[in-house]
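Presented below is the structure to which this report refers.
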Amino acid sequence: MNIAASSTDNHQYVIAKFGGTSVANFEAMNNSANIVLSNPNVRVVVLSASAGITNLLIELAEGCDADKRNELLKKVKDIQYAIIDNLQTADVIREEINRLLDNIAHLADSAALATSDALTDEMVSHGELMSTLLFVEVLRQRNANSQWFDVRKVMRTNDSFGRAEPELAQLKALSEQQLMPRLTESVVITQGFIGRDEKGRTTTLGRGGSDYTAALLAEVLNLSRVDIWTDVPGIYTTDPRVVPSAQRIDEIAFDEAAEMATFGAKILHPATLLPAVRAGIPVFVGSSKAPEAGGTIVCDKTTNPPQFRALALRRKQTLLTLHSLKMLHARGFLAEIFTILLRHNISVDLITTSEVSVALTLDTTGSTGTNGSLLTNALMTELSALCRVEVEEDLALVAIIGNELSQVNGLGRQIFGALESFNIRMISYGASSHNICLLVPGNDAEEIVRTLHSNLFE
């Protein structure tokens, strides 16, 4: 699909989001600039931090000794200076970037004394601030009319640092007032992932939140499409790094793509599609390295959707099995369990029950708790007072995404016949006609995905 060929109608404005690899260095930024300049309808550009920067900033925010701080700060500086050194306006932009690098150093010193979620959000926001300043200079070097915009002026959120939720009404009002008028003047370059609470403190929407930012802005500005430019040309039947023979999906429905994102497909942030679905805005996914290769359109509905659409893999899953004879013919036991989990801010993924036990899966991907675990001592103490608790970690979730799967005869034989040599720890089927979920040992996960792909898609 040639997405560049469309008229410059005001109602056809497009928002383009570029991920970290698409702004990783000067060459990548130029490729992304080519995409922006090739389509006059692109009026808003949302950027992630340059690849590698966010991880370095998180490490600094966690606190470390002076030698380690200097080492990490040098790595951040080197990545950004490698871009600056290719710019004609190097002196001007170097001054801006140095100011932000000084801020980072100051915050790193503070983190060495005491860490906090608020400090972490303030720290990591610098990645997006730097990449957007540099990208504006790349465009100006090519005589493009562009302007830098601090998204925190419009992206109001609550104060859940690390996983902030946008305040939609404020976002809409502020965007109409401060962003909308700029769209006719020039291309607006702004940051993904970051926002600001009512006290003026910087917040973040969580890892992958740049996609969410783009979809939210598309919704409140009533734009015609969200273009997400990443390092792969579209959405595939599974991760091509796991299965080289994976096939690209040219068109996919919101429901299917949301299932894929929820169950671990890295191509889209799980929350990205919600604003697009609400507003009926199609999402295009393509590769900034090879825009001519086309990509995938995510839209409201597709014609003749296939029985099996894709496979998704999500690692770092924990299985919590709770046993109690009190469950037998008892009322309210599950309510007690979920009340405890709610108190500890834990979301349950999958659940299966028997007469005297219940098994729950917890997704620890991106968890910032102790050793990456959500299972704190306080939580385990509360649960243990109620029932016997068993914990299994290092599991993986393999999700088979499809359409009307609950209507298919012989589905069990088709799937489990192919997997007879593997141990399946838990199965979730029936709650959705769009997916079947298998909890498997982490070591077997990729081989299981390859086996299923071979049997269901090839």
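The values are calculated or read from the model by the stated rules, or taken from the named source; none is laboratory data. Please read these numbers as outputs of a predicted model, since none were measured by experiment. Backbone-built Cβ (ideal geometry, glycine too); neighbour counts: all protein chains shown. Heads up: the accessible areas ignore ligands, DNA and RNA and are worked out on the full protein's heavy atoms, side chains in. Shrake-Rupley method; radii C 1.70, N 1.55, O 1.52, S 1.80 Å.
Which far-off residues, 5 or more places away or on another chain, put their amide H under 5 Å from the one on residue 44, with H placed in the peptide plane?
14, 16, 188
Looking at the stretch 9-229, what % of its DSSP beta bridges pair antiparallel, to the nearest 5? Intermediate values should be presented prior to the final figure.
On the way: 4 of 22 bridges.
Within the stretch 9-229, antiparallel bridges account for around 20 percent of the total.
Note down the relative contact order for the stretch 9-229 as a percent, whole number, built from C-alpha pairs under 8 angstrom at least six residues apart. Walk me through the numbers on the way to the answer.
Numbers: 410 pairs, mean separation 62.3, N = 221.
Averaging sequence separation for qualifying contacts and normalising by length gives 28 percent for the stretch 9-229.
Charges at C-beta only: +1 for Lys and Arg, -1 for Asp and Glu. How large is the resulting dipole of the stretch 241-351 about its Cα centre, in Debye rounded to 20?
Numbers: 13 positive and 9 negative charges, 100 e Å.
Dipole magnitude for the stretch 241-351 comes out near 480 debye.
Under 9 Å from the Cβ of residue 147, count the other residues' Cβ atoms, weight Lys and Arg +1, Asp and Glu -1, and hand me the total.
Working: positive: 182; negative: 185.
Local net charge: 0.
I need the phi-derived Karplus couplings for the stretch 66-83: 6.51 cos²θ - 1.76 cosθ + 1.60, θ = phi - 60°, integer Hz, Gly and Pro marked x.
Result, rounded to whole Hz: 4, 4, 5, 4, 4, 5, 5, 4, 5, 5, 4, 4, 4, 4, 6, 5, 4, 7.
With the contact rule set at Cα under 8 Å and sequence spacing of 6 or more, what percent relative contact order holds for the chain?
On the way: 899 pairs, mean separation 60.7, N = 458.
Dividing the mean separation by the residue count of the chain yields 13 percent.
Share of antiparallel DSSP beta bridges in the stretch 149-288, in percent to the nearest 5?
Values: 6 of 12 bridges.
That works out to approximately 50 percent antiparallel.
Under 1.5 on a/c is rounded, so check that first for the stretch 101-175, then, if it is not, pick prolate when a/b is larger than b/c and oblate when it is not; a ≥ b ≥ c are the square roots of the alpha carbon gyration tensor eigenvalues. Intermediate results must be reported in sequence, preceding the final value.
Numbers: a/c = 3.89, a/b = 1.22, b/c = 3.20.
Here the stretch 101-175 falls in the oblate category.
For the residue pair residue 393 and residue 278, what label-to-label distance in nm results when each label sits 7 Å from Cα along the Cα-to-beta-carbon direction?
In this crude spin-label approximation the distance works out to 3.6 nm.
Explain nothing, just the number: dipole magnitude of the chain about its Cα centre with +1 on each Lys and Arg Cβ and -1 on each Asp and Glu Cβ, in debye rounded to the nearest 20. Can you show the working numbers first?
On the way: 39 positive and 54 negative charges, 94 e Å.
Here the size comes out at about 460 debye.
Under 5 Å between amide H atoms, partner at least 5 residues away or on a different chain: which partners does residue 426 have, H built in plane at 1.01 Å?
Under 5 Å from the amide H of residue 426 lie the amide H atoms of 439, each far enough along the sequence or on another chain.
Can you tell me, using C-alpha contacts under 8 Å and at least 6 residues apart, the relative contact order of the stretch 306-455 as a whole percent?
Details: 243 pairs, mean separation 46.5, N = 150.
31 percent.
Using a Förster distance of 25 angstrom, determine the FRET efficiency expected from the C-beta separation of residue 356 and residue 384, and round it to 0.05. Kindly include the intermediate steps, with their values, before the conclusion.
Values: r = 16 Å, r/R0 = 0.65.
About 0.95, to the nearest 0.05.
If you line up the Cα atoms of the chain on their principal axes, what length do they span on each, largest first, in Å?
Here the Cα extents, ordered largest to smallest, are 71, 56, 39 Å.
If you take the square roots of the eigenvalues of the alpha-carbon gyration tensor of the stretch 51-160 and sort them as a ≥ b ≥ c, do you get rounded (a/c under 1.5), prolate (a/b over b/c) or oblate? Write out the running numbers ahead of the final one.
On the way: a/c = 2.77, a/b = 1.42, b/c = 1.96.
Oblate.
Could you check how much of the accessible area of the chain is carbon and sulfur, as a whole percent, using a 1.4 Å probe?
Numbers: 9760 of 20500 Å².
About 48 percent, which is the carbon plus sulfur part of the accessible surface.
Each residue of the stretch 149-163 in turn: what ³J(HN,Hα) in whole Hz from Karplus with 6.51, -1.76, 1.60 and θ = phi - 60°, glycine and Pro shown as x?
Result, ordered by residue: 9, 7, 4, 5, 5, 10, 7, 7, 9, 7, 9, 7, 4, x, 9 Hz.
I need the semi-axes of the equivalent ellipsoid of the stretch 9-229: take the C-alpha gyration tensor, multiply each eigenvalue by 5, square-root it, list largest first in whole angstrom.
Working: eigenvalues 152, 96, 32 Å².
For the stretch 9-229, the semi-axes come out at 28, 22, 13 Å.
Restricting to bridges with both residues inside the chain, how much of the DSSP beta-bridge set is antiparallel, in percent to the nearest 5?
On the way: 43 of 69 bridges.
Taking every DSSP beta bridge within the chain, about 60 percent pair in antiparallel fashion.
How many lysine pairs does the chain hold where the Cα atoms are under 22 Å apart and the two sit 8 or more places apart or on different chains?
Qualifying lysine pairs in the chain: 11.
On full extension of the chain, what length is gained from residue 301 through residue 75, given 0.36 nm per residue of separation minus the C-alpha to C-alpha distance? Numbers along the way, then the final one.
Numbers: separation 226, 0.36 × 226 = 81.36 nm, distance 4.52 nm.
The residue 301-residue 75 span can extend by a further 76.8 nm.
How large is the helix-only mean residue ellipticity at 222 nm for the chain, computed as the sum of -39500 (n - 2.57) over DSSP H runs with n ≥ 4, divided by its residue count, in deg cm²/dmol to the nearest 500?
Working: 13 runs with 171 residues, N = 458.
The helix-only estimate for the chain comes to -12000 deg cm²/dmol at 222 nm.
Between residue 339 and residue 173, what is the label-point separation in nm under the 7 Å Cα-to-beta-carbon projection?
If labels sit at residue 173 and residue 339, their model points lie 3.8 nm apart.
Step through the residues of the stretch 343-349 one at a time and calculate ³J(HN,Hα) from phi using the Karplus curve (6.51 cos²θ - 1.76 cosθ + 1.60, θ = phi - 60°), rounding each to whole Hz and writing x for Gly and Pro.
For the stretch 343-349, the Karplus curve yields 4, 9, 6, 10, 9, 8, 8 Hz.
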